[in-house]
Number of protein chains: 2
Amino acid sequence: MQYTFSEKVSHLQASAIREILKFTSVPGVISFAAGNPAPEAFPVETIREISAEILEKDPIALLQYGITEGYLPLRDLMKKRMELQGNFKPDTEELIITSGAQQVMELACKSLCNAGDTLICEAPSFIGSLNAFKSYNVNLVGVPLDEEGMNPELLEEALKANPNTKLIYLIPNFQNPTGKTTSFARRKVLYALAQKYNTIILEDNPYGDLRFAGENVPSIKSLDTDNRVIYAGSFSKILSPGIRVGYGIAPKEIMAKMVVCKQVSDVHTSNYGQMLAYAFMQKVDFDAHLANLRAIYQQKAERMLSGIENYFSDKIAYTRPEGGLFLWCTLPEGSDMTGFCQKAVQEYKIAVVPGNAFMVSESDITYSFRLNYSTPTDDAIDKGIAILGQLTKNMFD
Amino acid sequence: MQYTFSEKVSHLQASAIREILKFTSVPGVISFAAGNPAPEAFPVETIREISAEILEKDPIALLQYGITEGYLPLRDLMKKRMELQGNFKPDTEELIITSGAQQVMELACKSLCNAGDTLICEAPSFIGSLNAFKSYNVNLVGVPLDEEGMNPELLEEALKANPNTKLIYLIPNFQNPTGKTTSFARRKVLYALAQKYNTIILEDNPYGDLRFAGENVPSIKSLDTDNRVIYAGSFSKILSPGIRVGYGIAPKEIMAKMVVCKQVSDVHTSNYGQMLAYAFMQKVDFDAHLANLRAIYQQKAERMLSGIENYFSDKIAYTRPEGGLFLWCTLPEGSDMTGFCQKAVQEYKIAVVPGNAFMVSESDITYSFRLNYSTPTDDAIDKGIAILGQLTKNMFD
């Protein structure tokens, strides 16, 4: 038969990154295109011990149905973590455990946005979230970042032009894809604009625990005097993405709707991941674990940055992230960025993600591309950056 | 601030069953209201061994990101199972692993239905799926069942009255809540009606492996000569619901859209559950495991049925399921069914689910209530059915 799809999905495509990742399985290709944690960052031995303990002590809790809001001991622990990490104190009914942080974006958008409502995001921004928003047919408006985060003048213009703005989506720490961090002053300005135009901020913080340079900046949620910030966090980058455990904090009326949306989608998050995350934080010195992860990523970031300094053409600009997994390189204005990325993977066997993959529309102009330093080995970083540097010199010097 | 919710969720309520389940935690209440597998049905020792093996042999595959479509060895194995259990042979690209079977309903509805499109379901039907459909603002139309399944004359009337029908949702085996099984002849008639009115059938089969009486009936998907059936299955009732692993099979163009919708929601299903389900089916004699489960549920069903025969008023009709977890009792026409259920839990301390919870609208008239025999202990079944029987005699004899 012939199928007619819903308006929600008829325009949706599989992520462009997935297409690029196909090249990365070609033998001999060095990939800076992924966003995976470093394999050496997984505390395998401890996870093995804890898993055995859970299955010994409380197998029925793991195997039986759980509640949609999540495993209560983990929710209680996350409330305490939010005080430490996010500088705010949620109530239990404001906090949900999700099947990865991406689910927070999907639930928030489904709960708050009708088709045609405006959702403002950073341009560029995380492609997974952008696709989640697009799947509800919102009017997605991208606002460029400057060195301090989303540009406030351009945000205000967008808010004026789109009085039906329901959400402003921000990744304030070590943003994906740019690696940029929104300054505290800028966070206050952005929050004030959300107040002035009476809209809601969706603050996505998957990398916040991975700061390896600079000073901690309080979350936007910590400024939230009138309950207009939804906050998302994740265990994907600090424990394991394969267990699919994230969390969301929202004003309780919004959270009540998000809980119902989660209930009709996957009923509850897999108990194994929730119980593992809880027991892991209880059992190990979690701060020491995070310090170890930060050291791994700092070393990899510095290795990549020093390679760029040594081998890249001086015409290439790049960000210096204070944490997270990514940095962002920009070719001279007017360059054929997608041509560069294609040449990199096809001729030089180095995979990077072309920046337009992160724009609201892939036809939006950008001269940038994303590099990931968490997944490749040290040798792959050294070798791959030298090769990519040669391409930049061949093309731009 | 004041919040404005999307049209999708503004009418949504938390499941009525959840409210009833609150009573079941009151001390002394015997609950026939749940839908959980029997705790003794969990193969805890084997799961313990297999989990240790997975974490020993392949920890990185468990902890790292997986692909949206699911763990390939499990997908390959499920293709073979579908031949055995469902009598059809899907291609790999037609099969996805989901975070529980409920996600198949949500992904199918999101992919195929616009707000206002009609979705026809059995009346009564599974409340979780009905809420998933309602969360996309479809026009939900319930068609009553007779002894052989959904009534075909009434289905045809509904199809004529609603030319925008995108999906017909059916639970052909041991339906939740009625315990009824759709006959093979009826499956053919329902499929022919889907052909005549050019619509798609969504076949939900979470209980199919739990047949303890009668003969296996081929799936509707096995009749699907022109690619108009989406099929959903689950490990919740045959291994564990807490691991959140289900699966969906759909024509490949539809599956491509469902995969994108899953990607933007939870990226992929938790690897632990997928790897456990795969290894479990590989390691144990799965047919012997299923035979053991069937024996457990048959014993419990027969125990409950003989209690009903012995203690209930003759005025109460009830179904005799050939499998699954539920049976369906019907009070005399005109009875105050919700009053009966309230009295049962508040005065007699027996929790059952009032039948209107499973109707398209809770204000739709039904004189029935649902009993679950999988979760309570044998003693609870004996004691609870005797008490509930006394209430039926007090009210109706």
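The values are calculated or read from the model by the stated rules, or taken from the named source; none is laboratory data. Here the structure is a predicted model, which is why all the values come from computation and not from measurement. Note that we place each Cβ from the backbone using ideal geometry, even for glycine, and neighbour counts take in every protein chain shown. With ligands, DNA and RNA removed, areas are computed over all heavy atoms of the protein, side chains included. Shrake-Rupley method; radii C 1.70, N 1.55, O 1.52, S 1.80 Å.
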Between residue B:164 and residue A:164, what is the label-point separation in nm under the 7 Å Cα-to-beta-carbon projection?
1.8 nm
If each DSSP helix of 4+ residues adds -39,500 (n - 2.57) and the sum is divided by the residues in chain B, what number results at 222 nm, nearest 500 deg cm²/dmol?
-12500 deg cm²/dmol
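Given the pairs A:8/B:89; B:79/B:257; A:237/B:237, which are separated by over 28 angstrom at their Cα positions?
Values: A:8/B:89 30 Å; B:79/B:257 20 Å; A:237/B:237 32 Å.
Beyond 28 Å: A:8/B:89; A:237/B:237.
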Around residue A:64, which amide H atoms from residues at least 5 apart in sequence, or from another chain, sit under 5 Å from its own amide H, with H modelled in the peptide plane?
B:242
Inter-part distance where region A:354-397 and region A:132-206 are each reduced to a Cα centre, Å
25 Å
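Given N residues in region B:148-192, what is Rg(Cα) / (2.2 N^0.38 Å)?
1.17
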Counting other Cβ atoms within 10 Å of each Cβ, which GluC sites (Glu not before Pro) in region B:143-222 have at most 12 and sit in a DSSP loop?
B:147, B:215
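For region A:93-166, which whole-number percentage of the solvent-accessible area (1.4 Å probe, protein heavy atoms only) is attributable to carbon and sulfur atoms?
Working: 990 of 2020 Å².
Heavy-atom surface of region A:93-166 belonging to carbon and sulfur, 1.4 Å probe: 49 percent.
Taking every residue in A:108-117, how many Cβ atoms of other protein chains lie within 10 Å of its Cβ, on average?
Numbers: counts 0, 2, 8, 8, 6, 4, 8, 5, 0, 2.
The mean count of partner-chain Cβ atoms within 10 Å per residue comes to 4.
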Along the positive direction of the dipole of chain A (beta-carbon charges: Lys, Arg +1; Asp, Glu -1; about the Cα centre), which of A:361, A:190, A:298 reaches farthest?
A:361
Select from B:37, B:127, B:73 the residue farthest towards the positive end of the dipole of region B:1-135; place +1 on Cβ of Lys and Arg, -1 on Cβ of Asp and Glu, and compute about the Cα centre.
B:127
Run the 1.4 Å probe and let me know the accessible area of residue B:58, rounded to the nearest 10 Å².
60 Å²
With θ taken as phi - 60° and the coefficients 6.51, -1.76 and 1.60, list the Karplus ³J(HN,Hα) couplings across region A:198-208 in order, rounded to whole Hz; mark glycine and proline as x.
6, 10, 10, 9, 10, 9, 9, 10, x, 10, x
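Would you please classify the overall shape of region A:168-273 from the alpha carbon gyration tensor, given that a ≥ b ≥ c denote the square roots of the eigenvalues, rounded means a/c under 1.5, and beyond that prolate means a/b larger than b/c while oblate covers the rest?
Working: a/c = 2.59, a/b = 1.18, b/c = 2.19.
Oblate, because a/c is 1.5 or more while a/b does not exceed b/c.
Taking the Cα centre of region B:240-397 as origin, work out the dipole magnitude from +1 charges on Lys and Arg Cβ and -1 charges on Asp and Glu Cβ, in debye rounded to 20. Before the final figure, lay out each step's value.
Numbers: 15 positive and 17 negative charges, 98 e Å.
The calculated dipole for region B:240-397 is roughly 480 debye.
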By how many nm would the segment from residue B:48 to residue B:80 grow when fully extended, if each residue of separation counts as 0.36 nm and the alpha-carbon distance is taken off?
9.0 nm
Extent along principal axes [Cα atoms of chain B; Å; largest to smallest]
60, 57, 53
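Taking both sides together, what accessible area is buried at the B/A interface, probe 1.4 Å, expressed in Å² and rounded to the nearest 100? Display every interim value, and only then the final one.
Details: alone 17180 and 17210 Å², together 27750 Å².
Looking at B and A, the buried total is near 6600 Å².
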Net dipole in debye of region B:161-237 [+1 Lys, Arg Cβ; -1 Asp, Glu Cβ; about Cα centre; nearest 20]:
180 debye
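With a 1.4 Å probe and all protein chains in place, put A:382, B:379, B:336 in order of accessible area, largest first. Could the numbers behind the result be given before it?
Working: A:382 65, B:379 115, B:336 90 Å².
In descending accessible area the options line up as B:379, B:336, A:382.
Could you compute the FRET efficiency for residue A:253 and residue A:394, with r as their C-beta to C-beta distance and R0 at 60 Å, rounded to 0.05? Can you show the working numbers first?
Numbers: r = 57 Å, r/R0 = 0.95.
With a Förster radius of 60 Å, E is 0.55.
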Would you please state which residues of region B:163-183 a label at residue B:320 would reach in this model, taking the label point 7 Å out along Cα→Cβ and a backbone N cut-off of under 19 Å?
B:173-175, B:178-183
What Rg and what Dmax come out for region B:21-103 when only alpha-carbon atoms are used, in angstroms?
18.0, 50
Express the relative contact order of chain B as a whole percentage, based on alpha carbon pairs under 8 Å and six or more residues apart in sequence.
24 percent
Three principal axis lengths of region A:268-397 [C-alpha, angstrom, descending]
54, 34, 24
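Can you give the mean number of other chain Cβ atoms that lie within 10 Å of the Cβ atoms in peptide A:93-103?
Partner Cβ neighbours, averaged per residue: 3.
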Using the Karplus equation 6.51 cos²θ - 1.76 cosθ + 1.60 (θ = phi - 60°), what ³J(HN,Hα) coupling, rounded to whole Hz, does each residue of region A:347-357 give in order, writing x for Gly and Pro?
9, 9, 6, 10, 9, 10, 9, x, x, 5, 4
Find every distance from the label point of residue A:226 to the corresponding label point in the other copies (7 Å from Cα along Cα→Cβ) and write them in nm, one decimal, shortest first.
5.7
Cα extents of the protein assembly as shown along the principal axes, largest first, in whole Å, come to 93, 53, 53
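Lys and Arg at +1, Asp and Glu at -1: add these up for the other residues within a Cβ distance under 14 Å of residue A:49 and post the number. Don't skip to the answer; put the middle values down first.
Values: positive: A:48, A:57, A:283, B:48; negative: A:45, A:53, A:56, B:56.
Taking every Cβ under 14 Å from that of residue A:49, the sum is 0.
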Between residue B:164 and the same site in the other copies, what are the distances in nm, shortest first, taking label points 7 Å from Cα along the C-beta direction?
1.8
Grab the Cα-Cα distance for residue A:156 and residue A:291, subtract it from 0.36 nm times how many residues apart they are, and report the gain in nm with one decimal.
44.8 nm
Magnitude of the Cβ-charge dipole of region B:46-91, K/R +1 and D/E -1, about the Cα centre, nearest 20 debye?
180 debye
On a 1.4 Å probe surface of the protein chains, which of A:189, B:143 comes out largest in accessible area, and what is the full order?
A:189, B:143
Apply the Karplus parameterisation 6.51 cos²θ - 1.76 cosθ + 1.60, with θ equal to phi minus 60°, to every residue of region A:229-240 and state each ³J(HN,Hα) to the nearest whole Hz, in sequence, with x for glycine and proline.
10, 9, 10, 10, x, 8, 9, 5, 9, 10, 9, 5
Loop sites in region A:287-343: GluC sites (Glu not before Pro), DSSP, at most 16 other Cβ within 10 Å
A:333
Give the average, rounded to an integer, of partner chain Cβ atoms located within 10 angstrom of each Cβ in B:50-62.
4
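Nearest 0.05, what FRET efficiency do residue A:362 and residue A:115 give at R0 = 22 Å with Cβ-Cβ as r? Can you show the working numbers first?
Details: r = 21 Å, r/R0 = 0.96.
Working from the Cβ atoms, E equals 0.55.
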Say a label goes 7 Å from Cα toward Cβ at residue A:4 in every copy; what distances in nm does this one have to the rest, shortest first?
3.0
At q = 0.16, 0.19, 0.20 Å⁻¹, the log10 of I(q)/I(0) for region A:308-375 from a Debye sum over equal Cα scatterers comes to -0.56, -0.79, -0.88
When N is the residue count of region B:68-173, what does its C-alpha Rg come to as a fraction of 2.2 N^0.38 Å?
1.20
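From the square roots a ≥ b ≥ c of the eigenvalues of the alpha-carbon gyration tensor of region A:113-177, which class results: rounded (a/c under 1.5), prolate (a/b over b/c), or oblate?
Working: a/c = 2.65, a/b = 1.20, b/c = 2.20.
Oblate.
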